[in-house]
Amino acid sequence: MTNQPTPGWALVIHGGCGRMTRAGIDAEHDAGYRAGLAAALTAGRAVLEAGGSAVDAVEAAVRALEDDPRFNAGRGAVFTAEGHNELDAAIMDGATRAAGAVAGVTRTKNPVSLARAVMAHSPHVLLAREGADRFAVEHGVEQIDPGWFRVDERWQALEAMKAAAAAGESVFDKSLKYGTVGAVARDAAGHLAAATSTGGLTGKRWGRIGDSPLIGAGTWADDRAVAISATGSGEDFIRLAAAHEIGARIRMLGERPQDAADIVVQHELKAVDGDGGVIFVGADGSFGWSLNTLGMFRAAVSSTSNPIVAIYDDEG
Ligand code: GLY
(Lines give C-alpha, C1' and ligand atoms only; values in the text may rest on other atoms or scores of the structure.)
Protein backbone atom coordinates (compact mmCIF):
# COMPACT_ATOMS: atom_id res chain seq x y z
CA MET A 1 0.00 0.00 0.00
CA THR A 2 1.08 3.59 -0.42
CA ASN A 3 0.10 6.74 1.38
CA GLN A 4 1.63 8.80 -1.41
CA PRO A 5 -0.24 10.23 -4.39
CA THR A 6 0.46 7.86 -7.28
CA PRO A 7 -0.28 8.07 -11.00
CA GLY A 8 -1.82 5.20 -12.95
CA TRP A 9 -4.24 2.49 -11.91
CA ALA A 10 -4.62 0.77 -8.53
CA LEU A 11 -6.72 -2.07 -7.13
CA VAL A 12 -7.33 -3.19 -3.53
CA ILE A 13 -9.54 -6.11 -2.49
CA HIS A 14 -10.66 -7.66 0.80
CA GLY A 15 -12.21 -10.93 1.90
CA GLY A 16 -13.44 -9.98 5.38
CA CYS A 17 -11.86 -9.20 8.74
CA GLY A 18 -11.88 -10.45 12.31
CA ARG A 19 -9.89 -12.45 14.82
CA MET A 20 -7.32 -13.80 12.40
CA THR A 21 -4.17 -14.95 14.20
CA ARG A 22 -1.29 -17.07 13.02
CA ALA A 23 -2.14 -19.53 15.82
CA GLY A 24 -5.73 -19.77 14.64
CA ILE A 25 -5.17 -20.36 10.91
CA ASP A 26 -3.13 -23.41 9.89
CA ALA A 27 -0.67 -23.33 7.00
CA GLU A 28 -3.04 -25.00 4.55
CA HIS A 29 -5.86 -22.54 5.20
CA ASP A 30 -3.45 -19.59 5.22
CA ALA A 31 -2.20 -20.64 1.79
CA GLY A 32 -5.75 -21.20 0.52
CA TYR A 33 -6.93 -17.75 1.55
CA ARG A 34 -3.88 -16.15 -0.04
CA ALA A 35 -4.42 -18.10 -3.26
CA GLY A 36 -8.06 -16.99 -3.39
CA LEU A 37 -7.11 -13.36 -2.84
CA ALA A 38 -4.36 -13.55 -5.46
CA ALA A 39 -6.77 -15.01 -8.02
CA ALA A 40 -9.33 -12.26 -7.42
CA LEU A 41 -6.61 -9.60 -7.61
CA THR A 42 -5.47 -11.05 -10.93
CA ALA A 43 -9.04 -10.93 -12.28
CA GLY A 44 -9.38 -7.23 -11.47
CA ARG A 45 -5.83 -6.37 -12.48
CA ALA A 46 -6.34 -7.88 -15.94
CA VAL A 47 -9.16 -5.40 -16.56
CA LEU A 48 -7.10 -2.39 -15.46
CA GLU A 49 -3.95 -3.46 -17.31
CA ALA A 50 -6.00 -3.74 -20.49
CA GLY A 51 -7.20 -0.16 -20.04
CA GLY A 52 -10.61 -1.19 -18.69
CA SER A 53 -12.75 0.82 -16.30
CA ALA A 54 -12.62 0.82 -12.52
CA VAL A 55 -16.25 -0.38 -12.47
CA ASP A 56 -15.39 -3.40 -14.64
CA ALA A 57 -12.36 -4.14 -12.46
CA VAL A 58 -14.18 -4.13 -9.13
CA GLU A 59 -16.99 -6.27 -10.56
CA ALA A 60 -14.47 -8.81 -11.92
CA ALA A 61 -12.59 -9.01 -8.62
CA VAL A 62 -15.73 -9.36 -6.51
CA ARG A 63 -17.18 -12.01 -8.84
CA ALA A 64 -14.03 -14.08 -8.29
CA LEU A 65 -14.40 -13.74 -4.52
CA GLU A 66 -18.13 -14.60 -4.70
CA ASP A 67 -17.28 -17.78 -6.61
CA ASP A 68 -14.61 -18.79 -4.07
CA PRO A 69 -16.20 -20.88 -1.27
CA ARG A 70 -13.58 -19.70 1.24
CA PHE A 71 -15.20 -16.27 1.51
CA ASN A 72 -18.60 -15.24 2.88
CA ALA A 73 -20.22 -13.99 -0.30
CA GLY A 74 -21.92 -15.83 -3.13
CA ARG A 75 -20.81 -19.47 -2.89
CA GLY A 76 -19.74 -20.04 0.72
CA ALA A 77 -22.12 -17.46 2.20
CA VAL A 78 -23.24 -17.91 5.80
CA PHE A 79 -26.71 -19.23 6.65
CA THR A 80 -29.67 -17.40 8.12
CA ALA A 81 -31.37 -18.75 11.25
CA GLU A 82 -33.86 -20.49 8.93
CA GLY A 83 -31.03 -22.21 7.04
CA HIS A 84 -31.02 -20.13 3.85
CA ASN A 85 -28.43 -17.96 2.11
CA GLU A 86 -29.56 -14.35 1.67
CA LEU A 87 -27.02 -12.27 -0.23
CA ASP A 88 -26.33 -8.53 -0.27
CA ALA A 89 -24.16 -6.53 -2.69
CA ALA A 90 -23.49 -3.02 -3.99
CA ILE A 91 -21.45 -1.27 -6.63
CA MET A 92 -20.74 2.43 -7.17
CA ASP A 93 -19.18 4.41 -10.01
CA GLY A 94 -17.17 7.34 -8.67
CA ALA A 95 -17.26 9.21 -11.98
CA THR A 96 -21.04 9.65 -11.97
CA ARG A 97 -21.93 8.50 -8.44
CA ALA A 98 -24.34 6.08 -10.06
CA ALA A 99 -24.93 3.15 -7.72
CA GLY A 100 -26.77 -0.15 -7.62
CA ALA A 101 -27.42 -2.55 -4.76
CA VAL A 102 -29.37 -5.67 -3.83
CA ALA A 103 -30.32 -7.19 -0.48
CA GLY A 104 -31.52 -10.64 0.50
CA VAL A 105 -31.27 -12.26 -2.92
CA THR A 106 -31.38 -16.05 -2.94
CA ARG A 107 -31.02 -17.30 -6.51
CA THR A 108 -28.56 -14.95 -8.25
CA LYS A 109 -25.12 -16.52 -8.69
CA ASN A 110 -23.16 -13.26 -8.57
CA PRO A 111 -25.00 -10.59 -6.57
CA VAL A 112 -22.44 -7.92 -7.52
CA SER A 113 -23.42 -8.32 -11.18
CA LEU A 114 -27.07 -7.96 -10.22
CA ALA A 115 -26.17 -4.77 -8.32
CA ARG A 116 -24.49 -3.55 -11.50
CA ALA A 117 -27.60 -4.36 -13.52
CA VAL A 118 -29.68 -2.34 -11.02
CA MET A 119 -27.26 0.57 -11.53
CA ALA A 120 -27.30 0.28 -15.31
CA HIS A 121 -30.87 -0.73 -16.10
CA SER A 122 -33.19 0.58 -13.38
CA PRO A 123 -34.12 4.03 -12.10
CA HIS A 124 -33.51 2.74 -8.55
CA VAL A 125 -30.49 2.18 -6.31
CA LEU A 126 -31.52 -0.68 -3.98
CA LEU A 127 -33.75 -3.68 -4.73
CA ALA A 128 -34.54 -6.36 -2.14
CA ARG A 129 -35.49 -10.02 -1.83
CA GLU A 130 -37.96 -11.58 -4.30
CA GLY A 131 -38.22 -8.39 -6.32
CA ALA A 132 -34.46 -8.25 -6.78
CA ASP A 133 -34.33 -11.88 -7.91
CA ARG A 134 -37.22 -11.17 -10.31
CA PHE A 135 -35.32 -8.16 -11.73
CA ALA A 136 -32.34 -10.49 -12.24
CA VAL A 137 -34.45 -12.88 -14.30
CA GLU A 138 -35.90 -10.03 -16.36
CA HIS A 139 -32.40 -8.73 -17.15
CA GLY A 140 -30.75 -12.07 -17.86
CA VAL A 141 -28.51 -12.09 -14.80
CA GLU A 142 -27.46 -15.70 -14.15
CA GLN A 143 -29.71 -17.64 -11.75
CA ILE A 144 -28.70 -20.77 -9.89
CA ASP A 145 -30.16 -23.41 -7.58
CA PRO A 146 -29.69 -22.06 -4.02
CA GLY A 147 -27.90 -25.31 -3.12
CA TRP A 148 -24.91 -23.99 -5.08
CA PHE A 149 -24.19 -21.45 -2.32
CA ARG A 150 -24.05 -24.13 0.37
CA VAL A 151 -20.68 -24.95 1.96
CA ASP A 152 -20.59 -27.47 4.80
CA GLU A 153 -18.34 -25.38 7.04
CA ARG A 154 -20.92 -22.58 7.03
CA TRP A 155 -23.71 -25.00 7.84
CA GLN A 156 -21.67 -26.29 10.79
CA ALA A 157 -21.25 -22.70 11.98
CA LEU A 158 -25.03 -22.32 12.04
CA GLU A 159 -25.42 -25.62 13.90
CA ALA A 160 -22.80 -24.52 16.45
CA MET A 161 -24.61 -21.22 16.92
CA LYS A 162 -27.90 -23.00 17.50
CA ALA A 163 -26.27 -25.38 20.01
CA ALA A 164 -24.76 -22.41 21.86
CA ALA A 165 -28.15 -20.69 21.95
CA ALA A 166 -29.78 -23.86 23.30
CA ALA A 167 -27.12 -23.93 26.03
CA GLY A 168 -27.96 -20.36 26.96
CA GLU A 169 -24.69 -18.90 25.64
CA SER A 170 -24.34 -15.64 23.78
CA VAL A 171 -24.67 -16.30 20.07
CA PHE A 172 -24.02 -12.89 18.58
CA ASP A 173 -20.86 -13.39 16.55
CA LYS A 174 -19.54 -9.85 16.94
CA SER A 175 -16.30 -11.17 18.42
CA LEU A 176 -15.78 -13.69 15.65
CA LYS A 177 -15.02 -13.21 11.99
CA TYR A 178 -16.86 -10.89 9.64
CA GLY A 179 -16.99 -12.30 6.20
CA THR A 180 -17.61 -9.83 3.41
CA VAL A 181 -15.72 -9.29 0.19
CA GLY A 182 -15.00 -6.09 -1.63
CA ALA A 183 -12.88 -4.24 -4.15
CA VAL A 184 -11.92 -0.63 -4.87
CA ALA A 185 -10.14 0.60 -7.97
CA ARG A 186 -8.76 3.63 -9.77
CA ASP A 187 -8.43 3.18 -13.51
CA ALA A 188 -5.88 4.70 -15.84
CA ALA A 189 -8.29 7.54 -16.62
CA GLY A 190 -8.42 8.41 -12.90
CA HIS A 191 -11.97 7.19 -12.28
CA LEU A 192 -12.83 5.37 -9.04
CA ALA A 193 -15.24 2.53 -8.24
CA ALA A 194 -16.16 0.35 -5.27
CA ALA A 195 -18.05 -2.93 -4.86
CA THR A 196 -18.95 -5.05 -1.83
CA SER A 197 -20.74 -8.41 -1.46
CA THR A 198 -21.68 -10.53 1.55
CA GLY A 199 -23.80 -13.28 3.04
CA GLY A 200 -24.06 -11.13 6.20
CA LEU A 201 -24.02 -12.71 9.65
CA THR A 202 -24.48 -16.38 10.58
CA GLY A 203 -27.95 -16.90 12.04
CA LYS A 204 -29.27 -13.52 10.91
CA ARG A 205 -33.03 -13.12 11.33
CA TRP A 206 -35.97 -10.89 10.52
CA GLY A 207 -34.64 -9.89 7.11
CA ARG A 208 -31.55 -8.31 8.68
CA ILE A 209 -29.49 -6.28 6.20
CA GLY A 210 -26.00 -5.02 6.98
CA ASP A 211 -23.88 -2.18 5.68
CA SER A 212 -22.56 -3.80 2.49
CA PRO A 213 -25.48 -2.91 0.17
CA LEU A 214 -26.09 0.48 1.80
CA ILE A 215 -24.44 3.20 -0.26
CA GLY A 216 -22.41 5.41 2.07
CA ALA A 217 -22.24 2.82 4.85
CA GLY A 218 -20.25 -0.14 3.48
CA THR A 219 -19.70 1.01 -0.10
CA TRP A 220 -18.83 4.43 -1.55
CA ALA A 221 -17.06 5.89 -4.57
CA ASP A 222 -16.61 9.54 -5.51
CA ASP A 223 -13.98 10.68 -8.03
CA ARG A 224 -13.54 13.85 -5.96
CA ALA A 225 -12.27 11.91 -2.95
CA VAL A 226 -12.07 8.15 -2.56
CA ALA A 227 -13.52 4.67 -3.17
CA ILE A 228 -14.26 2.59 -0.06
CA SER A 229 -15.39 -0.98 0.66
CA ALA A 230 -15.95 -1.95 4.28
CA THR A 231 -16.04 -5.15 6.31
CA GLY A 232 -17.03 -5.55 9.92
CA SER A 233 -19.91 -5.11 12.33
CA GLY A 234 -22.36 -3.78 9.78
CA GLU A 235 -24.75 -2.09 12.18
CA ASP A 236 -21.92 0.17 13.39
CA PHE A 237 -20.86 1.11 9.85
CA ILE A 238 -24.49 2.00 9.10
CA ARG A 239 -24.80 4.21 12.18
CA LEU A 240 -21.62 6.09 11.23
CA ALA A 241 -22.31 6.20 7.49
CA ALA A 242 -18.68 5.15 7.65
CA ALA A 243 -17.70 4.93 3.99
CA HIS A 244 -19.26 8.30 3.16
CA GLU A 245 -17.75 9.79 6.32
CA ILE A 246 -14.26 8.93 5.08
CA GLY A 247 -15.04 10.55 1.73
CA ALA A 248 -16.52 13.63 3.40
CA ARG A 249 -13.43 14.11 5.57
CA ILE A 250 -11.19 13.99 2.49
CA ARG A 251 -13.38 16.33 0.48
CA MET A 252 -14.24 18.87 3.17
CA LEU A 253 -11.27 18.73 5.55
CA GLY A 254 -8.61 18.02 2.96
CA GLU A 255 -7.38 14.96 4.82
CA ARG A 256 -5.30 12.33 3.09
CA PRO A 257 -7.26 9.12 2.38
CA GLN A 258 -5.14 7.05 4.79
CA ASP A 259 -5.64 9.57 7.60
CA ALA A 260 -9.39 9.85 7.01
CA ALA A 261 -9.74 6.05 6.95
CA ASP A 262 -7.70 5.72 10.16
CA ILE A 263 -9.75 8.34 12.00
CA VAL A 264 -13.05 6.68 11.11
CA VAL A 265 -11.93 3.06 11.66
CA GLN A 266 -9.51 3.42 14.59
CA HIS A 267 -11.35 6.14 16.49
CA GLU A 268 -14.96 6.73 15.45
CA LEU A 269 -15.78 3.06 14.88
CA LYS A 270 -14.01 2.04 18.08
CA ALA A 271 -15.91 4.74 19.98
CA VAL A 272 -19.18 2.94 19.20
CA ASP A 273 -17.59 -0.47 19.97
CA GLY A 274 -17.50 -1.33 16.29
CA ASP A 275 -15.10 -3.81 14.73
CA GLY A 276 -13.86 -3.88 11.19
CA GLY A 277 -11.86 -2.33 8.45
CA VAL A 278 -11.94 -0.64 5.08
CA ILE A 279 -9.95 -0.71 1.88
CA PHE A 280 -9.52 2.49 -0.10
CA VAL A 281 -8.20 4.03 -3.28
CA GLY A 282 -7.93 7.80 -3.25
CA ALA A 283 -8.54 10.20 -6.10
CA ASP A 284 -4.85 11.04 -5.67
CA GLY A 285 -3.93 7.42 -6.45
CA SER A 286 -2.92 6.54 -2.89
CA PHE A 287 -4.36 3.22 -1.75
CA GLY A 288 -4.41 0.90 1.26
CA TRP A 289 -6.52 -0.13 4.21
CA SER A 290 -7.30 0.55 7.84
CA LEU A 291 -8.49 -2.05 10.34
CA ASN A 292 -9.13 -2.30 14.07
CA THR A 293 -9.32 -6.12 14.15
CA LEU A 294 -6.52 -8.67 14.38
CA GLY A 295 -6.67 -9.38 10.69
CA MET A 296 -8.28 -8.73 7.35
CA PHE A 297 -7.97 -10.82 4.21
CA ARG A 298 -6.67 -8.25 1.71
CA ALA A 299 -4.53 -7.68 -1.34
CA ALA A 300 -3.40 -4.77 -3.49
CA VAL A 301 -1.58 -4.02 -6.72
CA SER A 302 -1.01 -0.95 -8.86
CA SER A 303 0.59 0.10 -12.12
CA THR A 304 3.64 1.17 -10.11
CA SER A 305 3.83 -1.52 -7.40
CA ASN A 306 3.96 -5.30 -7.08
CA PRO A 307 1.05 -7.31 -5.64
CA ILE A 308 0.73 -7.58 -1.86
CA VAL A 309 -1.40 -10.28 -0.22
CA ALA A 310 -1.93 -10.03 3.55
CA ILE A 311 -4.00 -11.51 6.36
CA TYR A 312 -2.66 -10.40 9.75
CA ASP A 313 -2.70 -6.80 11.01
CA ASP A 314 1.11 -6.53 11.08
CA GLU A 315 1.51 -7.39 7.37
CA GLY A 316 1.86 -5.00 4.45
N1 GLY B 1 -20.40 -6.12 7.13
C2 GLY B 1 -21.28 -7.07 6.59
C3 GLY B 1 -22.53 -7.16 7.33
O4 GLY B 1 -22.61 -6.68 8.47
O5 GLY B 1 -23.46 -7.72 6.81
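The values are calculated or read from the model by the stated rules, or taken from the named source; none is laboratory data. Keep in mind that what you see is a predicted model, and the values were worked out from it rather than measured. Ideal geometry is used to build each Cβ from the backbone, glycine not excepted, and the neighbour counts take in all protein chains shown. What goes into the accessible areas is simple: the full protein's heavy atoms, side chains included, and nothing from ligands, DNA or RNA. Shrake-Rupley method; radii C 1.70, N 1.55, O 1.52, S 1.80 Å.
Looking at region 3-100, what % of the alpha carbon pairs are farther apart than 15 Å?
On the way: 3268 of 4753 pairs.
So the portion of pairs separated by more than 15 Å is 69 percent.
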**Message:** Counting just the Cα atoms, what span does region 50-160 cover along each of its three principal axes? Round to the nearest Å and put the largest first.
**Reply:** 44, 31, 20
**Prompt:** Among A163, A261, A103, whose mean-square fluctuation peaks in a Gaussian network model of the chain (Cα, cutoff 10 Å)?
**Reply:** A163
**Complete:** The number of Lys pairs in the chain whose alpha carbons lie under 20 Å apart, excluding pairs fewer than 8 residues apart on one chain, is 7
**Message:** Along each principal axis of its Cα atoms, how long is region 52-105 end to end? Whole angstroms, biggest number first, please.
**Reply:** 40, 20, 10
**Residue with peak Gaussian network fluctuation, the chain [Cα springs, cutoff 10 Å], from H191, H139, H244** = H139
**Request:** Quick one: plug the Kirkwood hydrodynamic radius of the chain (C-alpha pairs) into Stokes-Einstein at 20 °C, 1.002 mPa s, and report D in µm²/s.
**Result:** 115
**Request:** Output the Kirkwood hydrodynamic radius of region 129-267, Cα pairs only, in Å rounded to one decimal.
**Result:** 17.2
**Message:** Given the DSSP H assignment, sum -39500 (n - 2.57) over each helix run of at least 4 residues in the chain and divide by its residue total; what's the result at 222 nm in deg cm²/dmol, nearest 500?
**Reply:** -9000 deg cm²/dmol
**Fill in**
Reported to the nearest 10 Å², K204 has, with a 1.4 Å probe, an accessible area equal to 10
**Request:** Report D275's accessible area, 1.4 Å probe, all protein chains in place, as a number in Å² to the nearest 10.
**Result:** 30
**Share antiparallel - DSSP beta bridges, the chain, percent rounded to 5** = 95
**Message:** Quick check on region 240-299: take the gyration tensor over C-alpha atoms, sort the square-rooted eigenvalues as a ≥ b ≥ c, and tell me if it's rounded (a/c under 1.5), prolate or oblate.
**Reply:** oblate
**Message:** Can you give the Rg/Rh ratio of region 189-234, where Rg is from the C-alpha atoms and Rh is the Kirkwood radius?
**Reply:** 1.08
**Asked** Can you give the FRET efficiency for T96 and T21, using 1/(1 + (r/R0)^6), R0 = 30 Å, r = Cβ-Cβ distance, to the nearest 0.05?
**Response** 0.15
**Request:** Please identify which residues in region 287-310 have an amide N closer than 19 Å to a label point set 7 Å out from the Cα of L253, following the Cα→Cβ vector.
**Result:** 287-292
**Message:** If you take every residue apart from A261 with its C-beta less than 12 Å away from the C-beta of A261, what net charge results, scoring Lys and Arg +1 and Asp and Glu -1?
**Reply:** -3
**Request:** Send over the Kirkwood Rh of region 213-257, from the inverse of the averaged 1/r over different Cα pairs, rounded to one decimal Å.
**Result:** 10.3
**Asked** When only Cα pairs under 8 Å and 6 or more residues apart are kept, what is the percent relative contact order across the chain?
**Response** 27
**Item:** Average accessible area per residue (Å²) across region 161-316 - probe 1.4 Å, nucleic acids and ligands excluded
**Value:** 35
**Message:** Rolling a 1.4 angstrom probe over the protein chains, ignoring ligands and nucleic acids, what is the accessible area of D262 in square angstrom, nearest 10?
**Reply:** 50
**Prompt:** Using the Cα atoms of region 198-316 to build a convex hull, what is its mean projected area in square nanometres?
**Reply:** 7.6
**Prompt:** Who wins for biggest fluctuation among T96, T80, T108 in a Gaussian network model of the chain, springs between alpha carbons below 10 Å?
**Reply:** T96
**Asked** Pulled fully out, how much extra length does the chain show between D273 and A188, if you take 0.36 nm times their separation in residues and subtract their Cα-Cα distance?
**Response** 26.8 nm
